[in-house]
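Student: Structure in structure tokens, see below.
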Amino acid sequence: MKQLNPKYASVTLASLFLSLAFIVKAQTVTTVATCQLPTPSSLAIDTAGNVYVGNLYDGSEYNIVKITKNGVVTTITDSIQPSAMTIDKLGNLYVSNNDINGIGTITKITKAGVISTYANSGMKSPSYLAFGTAGNLYVSNLDKSRNTIISKITPKGKISTFLSSNLNNSGSFAFDAMDNLYITNVVDSTIQKITNTGNVSTYVNTGLALDGLIAIDTIGNLYVSCNLPIINGYGYTIGISKITPNKEISTFVNSSATLPYDMKIDGLGNIYTANGKYNSISKISSNGVVSNFYSSFDEIESIAFDKYGNLFVANLTTIQSPKSPKLV
């Protein structure tokens, strides 16, 4: 692996820069890295506190970098076009990537930096990927008609189509404690449930203009981003609706201050949204109270929590010096 030279950025006027900051619970903001990087497209954190950033800029510059707790930045690879990343329980990194024709593979990168092809079955434009509780890797990709399908890859590398239906999804999927998968269909406003044995059913017909993001809390409530009419105003904004385990649907957040590009839930049931338009992070409590958690970020791309509850934010700006994450 090669270490990046932070001085290179100062002589490349046309370059974009990645700022990776973490916010501890007392809302102290510390910038984690100082280096020249293309546009961050994905973010993952292992149990040792190492941060991995997948970067993609105009399809011509791309790499994956590793940032240690002490702020040492190294390039793991510059031969992969990352669209999404996730980490298994052993700390191995998995990356969905596409060639110029949109044909994708899943690449595995071990903690020691050994790179191998984990899955290569002609998947079309693989995007979001995540592990279920049983250790299977699920990948969102497209069929020949450009409908979303979900592929399942077992720990032994066996690939199968887990979900194949007339599904049009533009965001993420989520797992409950029983390893059931939930995914939005933005065309017919439904949420599909796929059990861990592969049985597919319409979980709920929301009647909402779904936007694609979905998350689930520890007690089984689903949260989805959707277009909602602005209260006491004109037009629409992207809000968040809540669906209980009893399938009761309610507007959880309807605020022009939240335009989520990314959405994560902490261990206490609070939702954090990356609001790219407003360069801010909103915190939404479990009872729906919205507050401005932090502002002044430049073009937020992705957010993630580490095991300590620190929130990491990837955005475009200059980079600051790193600090080891601690709760305060």
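The values are calculated or read from the model by the stated rules, or taken from the named source; none is laboratory data. Being a predicted model, the structure only gives us computed values, none of them experimental. Every residue, glycine among them, receives a Cβ derived from its backbone with ideal geometry; neighbour counts consider all protein chains shown. The area values use the complete protein model at the heavy-atom level, side chains included, leaving out ligands, DNA and RNA. Shrake-Rupley method; radii C 1.70, N 1.55, O 1.52, S 1.80 Å.
Student: Look through the stretch 185-205, keep the residues that are within 22 Å of Ala134 (Cα to Cα) and of a type in the set (Ser, Thr, Tyr), and return whichever of them is most open to solvent (accessible area, probe 1.4 Å).
Tutor: Here the answer is Thr197.
Student: Filter the stretch 63-93 for residues that are touching an Asp or Glu at 6+ places or on another chain (Cβ under 7 Å) and surrounded by 16 or more Cβ atoms within 10 Å (Cβ to Cβ); which is farthest from Val51 (Cα to Cα)?
Tutor: Asn63
Student: Would you check which residues across the stretch 74-88 are at pLDDT 85 or above and of a type in the set (D, E, K, R) and list them?
Tutor: Asp88
Student: On the basis of being closer than 23 Å to Thr218 by Cα and modelled with pLDDT under 85, does Gly122 make the cut?
Tutor: Answer is no for this residue.
Student: Between Lys89, Lys66, Lys108, which is charged (D, E, K, R) and assigned to a loop (DSSP other than H, G, I, E, B)?
Tutor: Lys89
Student: Continuing with the same structure: Please indicate, with yes or no, whether at least one residue in the stretch 7-21 is at pLDDT below 85, crowded, with 19+ Cβ neighbours inside 10 Å and under 19 Å from Ser125 (Cβ atoms).
Tutor: No - not one qualifying residue is present in the stretch 7-21.
Student: With the requirement that a residue be open to solvent by 30 Å² or more (accessible area, probe 1.4 Å) and modelled with pLDDT of 80 or more, what does the stretch 295-306 give you?
Tutor: Phe305
Student: Looking only at residues that are open to solvent by less than 10 Å² (accessible area, probe 1.4 Å) and among the hydroxyl-bearing types (Ser, Thr, Tyr) in the stretch 135-150, which one is modelled with the highest pLDDT?
Tutor: The residue in question is Tyr138.
Student: If you don't mind, there's one more thing I want to ask. Take the residues of the stretch 116-134 that are of a type in the set (A, V, I, L, M, F, W, C) and open to solvent by 30 Å² or more (accessible area, probe 1.4 Å): which is nearest to the chain's Cα centre (by Cα)?
Tutor: Phe131
Student: Filtering the stretch 260-294 down to residues that are small (Gly, Ala, Ser) and part of a loop (DSSP other than H, G, I, E, B), which residue is modelled with the lowest pLDDT?
Tutor: The extreme case among them is Gly276.
Student: Among the candidates Gly71, Gly91, single out the residue that is modelled with pLDDT under 80 and small (Gly, Ala, Ser).
Tutor: Gly71
Student: Name, by its number, the condition in (1) touching a Phe, Trp or Tyr at 6+ places or on another chain (Cβ under 6 Å); (2) modelled with pLDDT under 80; (3) open to solvent by 20 Å² or more (accessible area, probe 1.4 Å); (4) part of a strand (DSSP E or B) that does not hold for Asn315.
Tutor: Result: Asn315 fails condition (3) only.
Student: What are the residues in the stretch 207-223 that are open to solvent by less than 50 Å² (accessible area, probe 1.4 Å), modelled with pLDDT of 90 or more and either within 16 Å of Ser285 (Cβ to Cβ) or aliphatic (A, V, I, L, M) (or both), if any?
Tutor: The answer is Ile214, Ala215, Ile216, Asp217, Asn221, Leu222, Tyr223.
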